[in-house]
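Values in this text are rule-based calculations from the coordinates and carry no lab data. Here the structure is a predicted model, which is why all the values come from computation and not from measurement. When we count neighbours, we look across all protein chains shown, and the Cβ atoms used for this are built from the backbone with ideal geometry, even at glycine.
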Amino acid sequence: MDSLKRYAPLVAACLLAGLVAFPFLRNLATGERGMPGAQIGGHFTLQTSAGPLDTASLGTELTMIYFGYTYCPDVCPTELARMAHVYKGLGSDKTRVSGLFVTVDPERDTVAAVTEYAQAFDPAFKGLSGDRVRIEQVMRRYQVYAQKAGKDPRNYTVDHSSRIYLMDRDAKLMALFTMDTDIPTIINQVKNFL
Ligand code: NI
């Protein structure tokens, strides 16, 4: 696959970084169940390489969601590599969990691009894109911040929030993991909700 060739060095570097970094990051943050009163979450439908995907039809008990963009120079590949580590770390339970990558940059991130990108980290991950109006609706419901930086319509970066969302099968927020949450902690949290 072209995607693997294209992203392999990046993915390898991030996987290595994750392996090296996590023993030094101890319990800086843990997911919190439910977050009372928070309005984050809800099912949504966006485009995948297999057509429109309604998250209500995923059929898994839990879903991990990351919002980012494929041109991201650092944070997104690092966090997706960590999400892939978590997913693999679930072992036989991973079939009970979905992994989604949702772009915040639909102008450049086609469905094909987000699919290649997500699957470079784990073949089971799904990439989602769509028109900007739909994407922004989802971003509001998940309280995702994203702002383009730069005026060139093709060459720009996007400042964005970076969290791994853990949702249950009703798309209710179970936990939010920041970049400071170490991988074993995330794995334990996910398993707690299975
Ligand atoms: Ni990013």
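Summary table
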quantity	calculated
Partner aspartates and glutamates for Lys148 [C-alpha distance under 19 Å; skip if fewer than 8 residues away on the same chain]	Asp74, Asp105, Glu107, Asp109, Asp131, Glu136, Asp159
Cα-based shape type of the range 153-194, given that a ≥ b ≥ c are square roots of the gyration tensor eigenvalues and the cut on a/c is 1.5	oblate
Alpha carbon centroid spacing (whole Å) that separates the range 70-85 from the range 139-194	11 Å
Packing-based exposure ordering (other Cβ within 10 Å, fewest first) of His85, His43	His43, His85
Farthest positive-ward along the range 135-194 dipole, Cα basis, beta-carbon charges - from Val138, Val190, Met167	Val138
Label-to-label distance, nm, for residues given as Ala56 and Lys151 (7 Å Cα→Cβ offset)	4.5 nm
Most to least packed among 148-157, 96-105, 122-131 [average Cβ atoms within 10 Å]	96-105, 122-131, 148-157
Exposure proxy order (Cβ contacts within 10 Å, fewest to most) of Ile187, Ile65	Ile187, Ile65
Distance in nm between pseudo-label sites at Asp74 and Arg140 (7 Å out along the Cβ direction from Cα)	3.2 nm
Per-pair calculated FRET efficiency, R0 = 22 Å: Arg132 and Ser161 via Cβ, rounded to 0.05	0.80
The range 82-158: C-alpha gyration tensor shape, a/c 1.5 cut-off, then a/b vs b/c	prolate
